[in-house]
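Quick notes on the structure that follows.
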Amino acid sequence: MSSNVSKESVLRIRNFVEKYCAKSGTTTHPDADITEAVVLGLAHHHETLGKPLCPCRFYPSKEEEIKHRTWICACDDMQIYKYCHCLLFVNDDGLPITEYLPEDHEGRKAHGLVKDPTPDLGRPLRHKAEEREKERIERPS
């Protein structure tokens, strides 16, 4: 995939990731290969779809998914719960923050309770949690 992605797109995504980490109080995964894979996937989607659609999910139609905007980075789960499915935005130990997720959420089941080390940062859409839960149930994606 990296050979199909321009340096400009990769730099754009890296810049976004750096700024979003500062804004959300997270860090990138300590395994640089994980971070790089997600960055390249986001850059590829930005180039081919016009939006940095989460590369870590399966979509029956990426074009249809873009219309919903749920999984455009920084996705709804990140902006509402501060949870990154891709493990791009994590705590210093490389774990996704799960503290704000509903107890039945896949992230909470997989990682247990991971407290937010910077609760004063991030989650600009926290007020949309109820709406997100309804969507998660009615339109699984």
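The values are calculated or read from the model by the stated rules, or taken from the named source; none is laboratory data. In this text the structure is predicted, and so the values were computed from the model without any measurement. Methodologically, a virtual Cβ is constructed for each residue, glycine included, from the backbone with ideal geometry; neighbour enumeration extends over all protein chains shown.
Mind checking whether some residue in segment 8-20 is surrounded by 16 or more Cβ atoms within 10 Å (Cβ to Cβ), in contact with a Cys (Cβ under 6 Å, 6 or more places away or on another chain) and either modelled with pLDDT of 95 or more or within 16 Å of residue 75 (Cβ to Cβ) (or both)? Scanning segment 8-20, I find no residue that is surrounded by 16 or more Cβ atoms within 10 Å (Cβ to Cβ), in contact with a Cys (Cβ under 6 Å, 6 or more places away or on another chain) and either modelled with pLDDT of 95 or more or within 16 Å of residue 75 (Cβ to Cβ) (or both), so the answer is no. Given the condition modelled with pLDDT of 95 or more, in contact with a Leu (Cβ under 6 Å, 6 or more places away or on another chain), of a type outside the set (Lys, Arg) and closer than 26 Å to residue 33 by Cβ, answer yes or no: does some residue in segment 114-135 qualify? Yes, there is a match, as at least one residue in segment 114-135 is modelled with pLDDT of 95 or more, in contact with a Leu (Cβ under 6 Å, 6 or more places away or on another chain), of a type outside the set (Lys, Arg) and closer than 26 Å to residue 33 by Cβ. Residues that are touching a strand residue (DSSP E or B) at 6+ places or on another chain (Cβ under 7 Å) and of a type in the set (A, V, I, L, M, F, W, C) were ranked within segment 48-70; the one that is nearest to residue 87 (Cα to Cα) is 53.
Hey, residue 13 hits all of (1) in contact with a Leu (Cβ under 6 Å, 6 or more places away or on another chain); (2) more than 24 Å from residue 124 (Cα to Cα); (3) of a type in the set (A, V, I, L, M) but one; which does it fall short on? Here residue 13 meets the rest and fails (2). Against the test of being buried (at least 17 other Cβ atoms within 10 Å of the Cβ), more than 30 Å from residue 5 (Cβ to Cβ) and not polar (S, T, N, Q), the options 120, 116 yield a single qualifying residue, 116.
Table: residues versus (1) in a helix (DSSP H, G or I); (2) in contact (Cβ under 8 Å) with a residue 60 or more places away in the chain; (3) under 24 Å from residue 115 (Cα atoms).
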{"residue": "10", "(1), (2), (3)": "yes, no, no"}
{"residue": "15", "(1), (2), (3)": "yes, no, no"}
{"residue": "18", "(1), (2), (3)": "yes, no, yes"}
{"residue": "21", "(1), (2), (3)": "yes, yes, yes"}
{"residue": "30", "(1), (2), (3)": "no, yes, yes"}
{"residue": "39", "(1), (2), (3)": "yes, no, no"}
{"residue": "42", "(1), (2), (3)": "yes, no, no"}
{"residue": "48", "(1), (2), (3)": "yes, no, no"}
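Residues in segment 28-50 that are closer than 25 Å to residue 101 by Cα and surrounded by fewer than 19 Cβ atoms within 10 Å (Cβ to Cβ): 30, 31, 34.
Consider segment 72-120 and keep the residues that are touching a residue at least 12 places away in the same chain (Cβ under 8 Å) and among the basic types (Lys, Arg). The one that is farthest from residue 42 (Cα to Cα) is 115.
Name the pairs: first residue in segment 57-71 and without any contact (Cβ under 8 Å) to a residue 40 or more places away in the chain, second residue small (Gly, Ala, Ser), Cβ to Cβ under 9 Å, at least 6 apart or on different chains? Listed by first residue and then by second, the contacts come to 58/141; 60/141; 66/50.
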